[in-house]
Amino acid sequence: MHWRSEHLRIELITEARKISNFCWAFIVFLGSLGLFLAGTSTYLGINLLPFLPSMSYFPLELISFYSQGIMMLFYGIVGLFISFYLWCTIFWNVGSGYNRFDRKEGIVCFFRWGFPGKNRRIFLRFPIKDIQSIKIVEVREGIYAGRGLYLDVRGQGAIPLARTDENLAPLAIVDKAAELSNFLRVPIEVEVV
């Protein structure tokens with residue numbers, strides 16, 4: 001969601017509360033809960049998964065606790081911790097916030113929510129005159145190949161506006177960079193890494 005006027009531009013950022021994050025947190029929770037219950041079933045000798053019939057393809061009675069059961073229990077516990085972490089980031093809305101570009105006051109503000117604690121609120125504010133350029137960075141090698149959009153600020157370095165893992169189309173990044181460059185009246189730079 002974005003709000004634009006002649007002198008003000010606000011971009012709302014939704015980071016943790018995306019539909020894909022809800023899906024992954026739910027899938028990881030169900031899978032790890034299944035592994036945890038299967039591992040516990042092999043230890044207790046009782047089927048804790050009543051929706052699986054005892055004559056299924058992998059009957060729990062044939063699984064030994066000291067080889068497969070321990071590993072299922074371990075991976076189930078690890079998965080439950082990962083699921084708990086994902087649900088906490090969704091609940092705390094980590095990474096969400098806004099970008100505010102105000103030509104009238106001559107300032108740019110970035111606000112993000114972090115993890116609970118002393119530095120939960122992340123707030124950057126600097127004058128528009130310190131912005132040197134809008135950078136389009138294209139990473140062609142490695143596992144993080146993709147494109148990113150950055151704001152090059154004097155004394156602050158490159159501040160990300162669109163991450164490389166957002167998978168934006170090349171034209172969408174160029175359009176966003178052109179709009180922002182036109183609004184802030186700064187040049188666009190392209191960097192290939």
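Amide H contacts for F126 (H built 1.01 Å from N in the peptide plane; partners 5 or more residues away or on another chain; cut-off under 5 Å): V108. In this structure, L44 and Q156 have a Cβ-Cβ separation that, at R0 = 45 Å, corresponds to a calculated FRET efficiency of about 0.20.
Here the label points at W3 and S67, each 7 Å from Cα along the C-beta direction, are separated by 6.3 nm in the simple model. 3J(HN,Hα) along the stretch 87-96, derived from phi through the Karplus expression 6.51 cos²θ - 1.76 cosθ + 1.60 where θ = phi - 60°, amounts to 5, 5, 5, 5, 5, 7, 6, 5, x, 8 Hz, with x in place of Gly and Pro.
In this structure the amide hydrogen of V94, modeled in the peptide plane, comes within under 5 Å of the amide hydrogens of A16, none closer than 5 places in sequence on its chain. Cβ-Cβ distance of T14 and I77, R₀ of 35 Å, FRET efficiency by 1/(1 + (r/R0)^6): the value works out to about 0.70. From the coordinates of this entry, Rg and Dmax of the Cα atoms in Å is computed, and it appears in (1) 19.5, 60; (2) 23.9, 72; (3) 23.3, 72 under the label (2).
Between K104 and F123, the modelled labels are 2.0 nm apart [label points 7 Å from Cα along Cα→Cβ].
Each reported figure results from applying straightforward, stated rules to the coordinates on display, with no laboratory input. What you see is a predicted model; the values in this text were computed from it and never measured. Heads up, the Cβs are rebuilt from the backbone with ideal geometry, glycines too, and the neighbour counts pull from every protein chain shown.
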